[in-house]
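To keep things clear, I will list the structure first and then write my remarks on it.
The values are calculated or read from the model by the stated rules, or taken from the named source; none is laboratory data. Bear in mind the structure is a predicted one, so any value in this text is a computation, not a measurement. In this analysis, Cβ positions are derived from the backbone assuming ideal geometry, glycine residues included, and neighbour counts consider all displayed protein chains. Accessible surface areas use protein heavy atoms only, side chains included; no ligands, DNA or RNA. Shrake-Rupley method; radii C 1.70, N 1.55, O 1.52, S 1.80 Å.
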Amino acid sequence: SKDSGKNKFSIFDSEMNRYQLRRMSLEKDLRKALAQSEFMVVYQPKWDSLMNVTVGLEALLRWRHPEHGIISPAEFIPIAEETGLIVPITYWMLHEVCSQNLLWHKEGVASVAVSINMSARMFETEDLYEVVVEALTRSGLDPQYLELEITESIAMNNMEETVAQLSKLRRLGVRVSLDDFGTGFSSLGNLDEIPVNTLKIDQVFIKKSKMHSKKAIISNIIAIASNLNMDVVAEGVETPEQIELLQSLGCRVMQGYYYGRPMPVHELGQWFTENSA
Ligand code: C2E
Ligand code: CA
Ligand code: CA
Ligand code: CA
């Protein structure tokens with residue numbers, strides 16, 4: 001009837017409202033989150049499954065919201081990107097991660113590269129190079145222990161500018177990896193022109209690696225990496241079967257819940273005592 005139609009509309013309407021309200025209130029809170037020290041970095045190991053050692057860490061952002069608790073980056077990163085807040089947040093992240101990593105080196109806890117995720121915004125609006133150099137200089141960290149993770153779409157969309165920035169950073173010694181590789185439908189024809197050290201195979205392929213077609217894709221990514229002299233890391237590794245398959249295809253470095261979840265700094269010391277060379 002006409003009435004129920006109207007009801008459906010108002011239910012939809014109120015759901016939209018709830019979503020919009022949360023979005024607006026998160027946006028408002030996000031503007032204060034840095035100043036109120038609500039961000040925290042967690043670190044997930046990249047594990048060499050042949051040598052059985054940690055060969056790197058990925059830094060991942062967590063937001064400890066005063067009322068809502070931990071909010072997933074999947075929810076707040078898009079807001080941070082739309083509002084431009086991702087730029088100061090990434091600056092903070094760079095300083096935080098570089099100083100923390102230097103501390104691990106000095107304490108003899110570990111000497112591995114730590115990677116940070118870079119949004120497209122960082123290449124569009126800011127001089128990424130200057131900011132990275134500042135974070136390295138201020139902390140005193142050797143550039144080879146810093147890695148930037150970028151997605152295919154960032155690399156391909158504004159290729160000339162991105163390649164120029166990345167090349168300067170690579171000359172310093174900073175490492176670069178292509179994140180979520182295989183999901184961006186990028187043209188492989190340009191891959192050799194992007195200065196990257198590592199391809200990270202997206203977790204969707206690992207999740208479905210029992211399927212013949214996904215296995216074929218994984219195998220081809222590994223071959224491309226090998227032919228272009230790049231390293232390869234498999235993401236989202238959760239089971240011994242996945243590890244066995246990846247090893248049989250020639251991939252040895254893996255990142256996933258099977259080896260280690262993202263951990264706060266105070267847990268990393270213990271992790272390294274138990275999982276270092
Ligand atoms: P990503 O860069 O692809 O990071 C990997 C995500 O997969 C992380 O989720 C990690 O916790 C999760 N993961 C790792 N191993 C496994 C596994 O075995 N199984 C499953 N199911 N998941 C696994 P997280 O921390 O929630 O981050 C989600 C996304 O948010 C990241 O995806 C990245 O795109 C973005 N992000 C996180 N931190 C930052 C940051 O500091 N800056 C920017 N720009 N983006 C960030
Ligand atoms: Ca990443
Ligand atoms: Ca990824
Ligand atoms: Ca992702």
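Summary table
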| read-out | value |
| --- | --- |
| Cα gyration tensor shape of the stretch 128-277, rounded if a/c is under 1.5, else prolate or oblate by comparing a/b with b/c | oblate |
| Mean accessible surface per residue for the chain, computed with a 1.4 Å probe while every protein chain stays in place, in Å² | 51 Å² |
| Highest average packing first - 160-169, 89-98, Cβ atoms within 10 Å | 89-98, 160-169 |
| Protein accessible area in the chain, 1.4 Å probe - carbon and sulfur % | 51 percent |
| Per-pair calculated FRET efficiency, R0 = 35 Å: K32 and K168 via Cβ, rounded to 0.05 | 0.55 |
| Partner aspartates and glutamates for K106 [C-alpha distance under 15 Å; skip if fewer than 8 residues away on the same chain] | D142 |
| Between 0 and 90°, nearest 10: helix 73-83 axis offset from the chain longest Cα axis | 70 degrees |
| Within a Gaussian network of the chain (alpha carbon springs, distance under 10 Å), most fluctuating of T183, T151, T125 | T125 |
| Cα gyration tensor, the stretch 46-202 - rounded (a/c under 1.5), prolate or oblate | rounded |
| Peptide ranges 193-203, 17-27 listed from the most packed, as the mean C-beta count within 10 angstrom indicates | 193-203, 17-27 |
